[in-house]
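Colleague: One structure is given below, represented as structure tokens, and several questions about it will come after.
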Amino acid sequence: MNRIIREAKPSDMAEIMQVMDAAKQIMRLSGNMHQWVEGYPSEAAIFADMERDGAFVVEDDGKVVGYFAFLPSPEPTYDRIDGGEWLDDEHPYHVVHRIASYPDAHGIFSSIMDFCFSHDPNIRIDTHRDNTIMQHNILKHGFTYCGIIYLLSGDERLAYQRLDTIP
């Protein structure tokens, strides 16, 4: 298998949305009924990632099998954190959002983290309280739970950070 990560293009949108639908099915089957509802993530959200040069697809043998956003700080919803604190709140960071893949595409989270940490040693990520699969992957990859952040809608998310050596 030949796996690559590349910037997403508008022509990838149909494949990206199929991956999003598959990820939603994984969430529902695992009991996560409240995350990614009411049309989210929408094409508009993916296009917004593209406009910030932060939209990426994971391809296996030329087929899109995953998607994620990798965006530079600041992330406005990370300004306030309750019940803890960030490991480092002084240096720039990147945030990873909207990770999605097909259920039969294995190792996607690891591939995404390898890519992200090759670009920035300071990564933040958050997830829904009911998303136990994502929580497991986040902790397995060395992230530290930092507290609760709030989306613009007011919904809470569990927030994590991994800080590798910063020059």
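The values are calculated or read from the model by the stated rules, or taken from the named source; none is laboratory data. On a predicted model such as this, the values are computed, not experimentally measured, just so you know. Ideal geometry is used to build each Cβ from the backbone, glycine not excepted, and the neighbour counts take in all protein chains shown. For the accessible areas, the whole protein counts, side chains as well, though only heavy atoms, and no ligand, DNA or RNA atoms are used. Shrake-Rupley method; radii C 1.70, N 1.55, O 1.52, S 1.80 Å.
Colleague: Which ones in segment 140-154 are open to solvent by less than 50 Å² (accessible area, probe 1.4 Å) and either over 16 Å from residue 78 (Cα atoms) or under 14 Å from the mean Cα position of the chain (by Cα) (or both)?
Modeller: Let us first name the residues in segment 140-154 that are open to solvent by less than 50 Å² (accessible area, probe 1.4 Å), namely 141-143, 146-149, 154.
The answer is 141, 142, 143.
Colleague: Something else about it: Which of the residues belonging to segment 117-139 are surrounded by fewer than 20 Cβ atoms within 10 Å (Cβ to Cβ) and assigned to a loop (DSSP other than H, G, I, E, B)?
Modeller: Hits for segment 117-139 are 118, 119, 120, 121, 128, 129, 130.
Colleague: Name the single residue that is most open to solvent (accessible area, probe 1.4 Å) among those in segment 46-61 being free of Cβ contacts under 8 Å to residues at least 24 places away in the same chain and over 17 Å from residue 36 (Cβ atoms).
Modeller: Restricting attention to segment 46-61, the residues satisfying the condition of being free of Cβ contacts under 8 Å to residues at least 24 places away in the same chain are 48, 51-52, 54.
Narrowing the set further to residues that are over 17 Å from residue 36 (Cβ atoms) leaves 51-52, 54.
Working: 51: 154, 52: 119, 54: 0 Å².
Out of the qualifying residues, it is 51.
Colleague: Step by step: first the residues of segment 140-163, then only those that are in a strand (DSSP E or B) and charged (D, E, K, R), then the one that is nearest to residue 29 (Cα to Cα). Which residue is that? Outline the logic, then answer.
Modeller: At the first step, the residues of segment 140-163 found to be in a strand (DSSP E or B) are 144-150, 156-163.
Those left that are additionally charged (D, E, K, R): 156-157, 162.
Numbers: 156: 22, 157: 20, 162: 28 Å.
The qualifying residue nearest to residue 29 (Cα to Cα) is 157.
Colleague: Considering 157, 162, which residue is surrounded by 14 or more Cβ atoms within 10 Å (Cβ to Cβ), among the basic types (Lys, Arg), on the phi < 0 side of the Ramachandran plot and under 13 Å from the mean Cα position of the chain (by Cα)?
Modeller: Numbers: 162 fails: under 13 Å from the mean Cα position of the chain (by Cα).
Unique residue meeting the criteria: 157.
Colleague: Out of everything in segment 65-93 that is over 26 Å from residue 22 (Cα atoms) and aliphatic (A, V, I, L, M), what residue ends up being surrounded by the most Cβ atoms within 10 Å (Cβ to Cβ)?
Modeller: For segment 65-93, the residue satisfying everything is 81.
Colleague: What's the number of the only condition in (1) over 11 Å from residue 67 (Cβ atoms); (2) open to solvent by 80 Å² or more (accessible area, probe 1.4 Å) that residue 27 fails to meet?
Modeller: It fails just one condition, (2).
Colleague: Next question. Go over the candidates 12, 21 one by one and state the one that is in contact (Cβ under 8 Å) with a residue 24 or more places away in the chain and within 15 Å of residue 101 (Cβ to Cβ). Lay out the reasoning, then the answer.
Modeller: Working: 21 fails: in contact (Cβ under 8 Å) with a residue 24 or more places away in the chain.
After ruling out the rest, the residue left standing is 12.
Colleague: Could you run through segment 94-114 and say how many residues are open to solvent by less than 40 Å² (accessible area, probe 1.4 Å) and in a helix (DSSP H, G or I)?
Modeller: The qualifying residues number 5.
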